[in-house]
1. Looking at the stretch 81-173, which trypsin sites (Lys or Arg not before Pro) are DSSP coil and have at most 10 other C-beta atoms within 10 Å of their C-beta?
2. Residues in the stretch 75-115, backbone N under 15 Å from the label point at Lys137 (7 Å along the Cα-to-beta-carbon vector): list them, ranges by number please.
3. Å³ per residue of the Cα convex hull, for the stretch 1-64?
4. Rounding to the nearest 10 and keeping the result within 0 to 90°, find how far the Cα-based axis of helix 49-64 lies from the longest principal axis of the chain.
5. Residues of the stretch 145-284: accessible area per residue at 1.4 Å, in Å²?
6. Which residues make up the longest stretch of the chain that has no chymotrypsin sites (Phe, Trp or Tyr not before Pro) in a DSSP loop with at most 14 other Cβ atoms within 10 Å?
7. If the chain were replaced by its equivalent ellipsoid, with semi-axes equal to the square roots of 5 times the Cα gyration tensor eigenvalues, what would those be, largest first, whole Å?
8. Quick check: pseudo-label points 7 Å beyond the Cα along Cα→Cβ at Lys271 and Tyr64, how many nm apart are they?
Amino acid sequence: MKYLKLIQEAEALAAKCEKEESAVILLLEYVTHQSSTELYLHLYNEVPKDIYDTFYNLFNKYLYHNEPIQYLTGKSCFYGYDFKVTPDVLIPRYETEELVEQVLYRYDAHFKGQKVDVCDLATGSGCIGITLALEEKNMNVVATDISSAALAIAKENCKSLGASIEFLEGDMLEPVLNRKFDIFVSNPPYIPETEDVMALVKDNEPNLALFGGEDGLKFYRIILKDVGKVLKNKAIICFEHGYDKKDAMIALAKEYFPNSKVEVLKDLEGKDRMTFIYVGEWNV
Ligand code: GLN
């Protein structure tokens, strides 16, 4: 069978199973050790039997056993970087790339050229903290997580991507209580416990990294209650959150930091997704 035929058949199968057709190319890239461009150049080549078998072995797990493609291939592309992912860490999402981008914009707008101390709380795969450090050399990043298994993956990612950041293990703010930051970023678990979550997500990704209490706001409350202790005189808190939490996030920000300026941003899907809280000596 030629690659073209394999791709067409597999994509049709994905559509029939109501799965992502894009999974086919991702998986073929992985199985053949080729980029999609290389694959497209060889569409009329015969598929070797071992490649065919390995492909379908994994593809069937995706189609019929509900396993995420990123866990099958062991990697996820985030901000152009390849991150290793295992079931110990959340698979990085597109929205989180937007959070990183917006944090970088705010660095440029308010701290450009200065060295800043940055905290990425609940780092998971390390995607936020590592990407920030790679994109902005003036960011001195500390990343934390409660899960030692997640931190082990984050450390591997840090090494393989050539970043240099510090990792601390512990619950919420506890490991950084003796530090002070200019920029505090977190994408904590934020799905309400009561929400229906698709099996692909709930049955595979670490539930510790998904659920944020009854209303999805548990971790923002815990953070906002004490984060003042770890902020410099002029600091920005940057959160990703659920699409329906704009008003709740503004209310929480104002509860803990009545004098702060609060900014809520939409993601590319037009959903309220990020909140930035300017704490301390700002003239904004
Ligand atoms: N910060 C990590 C990410 O954005 C993990 C988030 C989480 O575990 N909720 O992917």
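1. Of the trypsin sites (Lys or Arg not before Pro), the ones in loops of the stretch 81-173 whose Cβ has at most 10 other Cβ atoms within 10 Å are Lys112, Lys115, Lys137.
2. So the set is 113-115.
3. It comes to 67 Å³ per residue, whole-number rounded.
4. Rounded to the nearest ten degrees, it is 50.
5. Spelled out: the 1.4 Å probe surface of the stretch 145-284, per residue, equals 49 Å².
6. Free of exposed loop sites, the longest segment is 45-242.
7. 38, 20, 17
8. 3.1 nm
The values are calculated or read from the model by the stated rules, or taken from the named source; none is laboratory data. Small disclaimer: the values here were computed from a predicted structure and weren't measured. Heads up, the Cβs are rebuilt from the backbone with ideal geometry, glycines too, and the neighbour counts pull from every protein chain shown. The protein model used for the area step is the full one, side chains on, heavy atoms only, and it has no ligands, DNA or RNA in it. Shrake-Rupley method; radii C 1.70, N 1.55, O 1.52, S 1.80 Å.
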